[in-house]
1. Using the crude model of +1 on Lys and Arg Cβ and -1 on Asp and Glu Cβ, and no other charge, please compute the dipole size for region 266-327 relative to its Cα centre, in debye to 20.
2. Tell me which of 461, 543, 135 sits at the most positive position along the dipole axis of the chain, charges placed on C-beta atoms (Lys, Arg +1; Asp, Glu -1).
3. List the aspartates and glutamates whose Cα lies under 12 Å from the Cα of residue 369, skipping any in the same chain that are fewer than 8 positions away.
4. Between helix 444-467 and the chain, what is the angle of the helix's C-alpha long axis to the longest principal axis, kept within 0 to 90° and rounded to the nearest 10?
5. With unit charges on the beta carbon (Lys/Arg positive, Asp/Glu negative), name the residue among 299, 645, 218 whose Cα is farthest towards the positive pole of the charge dipole of the chain.
6. Treating cross-link reach as a plain straight distance, find the aspartates and glutamates whose alpha-carbon is under 17 Å from the alpha-carbon of residue 192, omitting any fewer than eight places away in the same chain.
7. Jot down the radius of gyration and Dmax of the chain, Cα atoms only, both in angstrom.
8. Ratio of Rg to Rh for region 479-558, alpha carbon only, Kirkwood?
Amino acid sequence: MLTALALAVTAALSAGDALAAGQVTRLTPPSELFRSGQAQPVIASFAPGQRFDLQATIQPSDGSPVTAVKFTVDGVPVRGQPTLTTTGLVSGLAPASAVASRRAYSTLRPGMHTLKVVATQANGDTVSATGNFRVEPILPGGRKVKNVIIMVGDGMGATHRTAARVMLSGYTQGKARSPLAMDTFPNTALVKTASLNSIVTDSSPGMASYVNGNKQANNQEGVFPDDTTDAFDNPRVEYLSEYLHRTQGTQLGILTTADVFDATPAANAVHTSNRGAGTGIVDQYLDQADQSGLIVLMGGGRKWFLPAGTPGSARSASSDYVLPADLAAGWGVPAGAKDPDRDLIADFTAAGWAYAANKTEMDGAGGGKLLGLFSYSNMNVALDKIGGRRGTSTVVQDVGFPDQPMLDEMTAKALKVLDANSPHGFILMAEAASIDKQAHNMDAERWILDTIELDRAVKVAQDFANTHPGTLVIVTADHECAGAAIIGASTVTDAVLQSKTGPELQQVVGQYEAAGFPRYTIEADGYPATTDVDHKMLIGYGANADRYEDWRSNARPVHDTQQPFDGQAPLSGYPAINAIDGQVASLGRPLRDQAGGYLITGQLRGITAVHTATDVPLSADGRGASLFGGVIDNTDVFFRLVQAVTGGVRPMRDDD
Ligand SMILES: [Zn+2]
């Protein structure tokens, strides 16, 4: 973390001024002690024995090379010689700057610790800096949790939950007719989601903090920031999956309705400072499966698994990885290779994984390790998948993947495989990714149905926990998306709504008692017969971008630039949200809902709505659920999971 003084020094240095004294301008793990001299708040905490990298950026005086670096913890020298990196550093550092790393450090001793670095330069000068970190104690002797199931609604704030309940079960005289599955979880907490560098996080640190107990910068997962340009050499923090696999043989399953290279799935097993580096991210899933315990990986993202040059492939050397020798050796992982021509699906099957390209193959797959890739990039959302199954929509055909599973079906399959192959327990992370993506798109019907899809998967997980004692299930979000709000309901029928244009569309928003109780009919498949009911629920957005709105559902989702064939028919005819999207001009994309002529001006300039800093709810059920309550930080969740699995829980209630 660069202190104010360090920034000034860097600025001076970049002006080529010779420095009276060298400077340590970054000390990792991050601390307020290093940054501002304050011992509190403690920024970095670890579980006993959890591995993490120590690192320092040294900007020497007078361009005199750094010749030696020593890390001490609580005054005791850290074993092993730190490696010095002087090439591939970011621009703006002083001449002869160096990054000193000590990989995969850990300590079992609970409590506060003081980290010190001392660097010696060729001219005899020394520079030093001090930081701190904590090791959280684990209370032994409780009843241990064997399986941890983390259900993530990406972007799912309290509003997203409420809207799903209004649509799925409805209210009568103020009472919900029936609860969501996640409503039935006995323990609830409120989670603070800020990242290392902002009150508004993105999904990388938003997820990673839950499973490694530390803050990370936006767009970075499983790592602390550094001063090199490489996206895969950053100082690492061991994930829950790696920590438990190494210490007790726990297995890992990762499910998402997004592309599996995406931030949330990756932030459970992959370490990178660039959430966009897809080739390297998916290669690490297999290359480091022996470290993470990964045996189930399902979602979209086939484009990263196809050799470069294959139609639809996105593999490239520029997004691939090769690890520095010290990191590979320190963490005991393969160094990797720049191999865009790699056939990753073939490599998975050669490593004993079954491969499923669609729901039918997933259902038919045996009980062993399972890779499922159900789309080139993000999977289609529930509204479009269900529309495809009902024969009322062609969206899944347009994308070329008509047989995609629902998240609850993927969860059921994953639990079968994990239960059969995890004698020492497992961690399953299942993500409903497009609550976020469709909230970004301000497409209410699509994110509400994806929240319903998540709740069906939550029910599958809850049922599993009820029949497999020692299973803990938590449902939460990495952050809130779009500042969504249920602003009321339509005062008119759908037929009348269709005739409304311009300011009339503002007037149909029924406020307070005029909202009443919107009522949706749910089909046997668990989803509404139509989302365009009379007097439908209406949604507004606090973090919105410009959009046209007619309050009615759209047959086609907003186009997705992640899809490799997004620019070709039929996808090239899919709508954009507003004219800031360059493809409106370049491809003549239509603007969604423009015909209604009701433009709602955004509070921010952009193509989509954005994340907010709002706390998010967390629900917990099963053994260890009682550990979750109150207002907590996202990093606290990790330590409560470690306590539940390695220390156990003392029964608070009979069924705990
Ligand atoms: Zn998002």
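Only the coordinates and a few stated rules stand behind these numbers; no lab work does. What you are looking at is a predicted structure, and each value in this text was computed from that prediction instead of being measured. All Cβ positions, glycine included, derive from the backbone under ideal geometry; neighbour counts span all protein chains shown.
1. 340 debye
2. Positive-end residue among those listed: 135.
3. Excluding near neighbours in sequence, the set is 419.
4. 70 degrees
5. 645
6. Cross-link targets: 154, 202, 478, 480, 615, 633, 636.
7. 25.5, 83
8. Looking at region 479-558, the ratio lands at 0.97.
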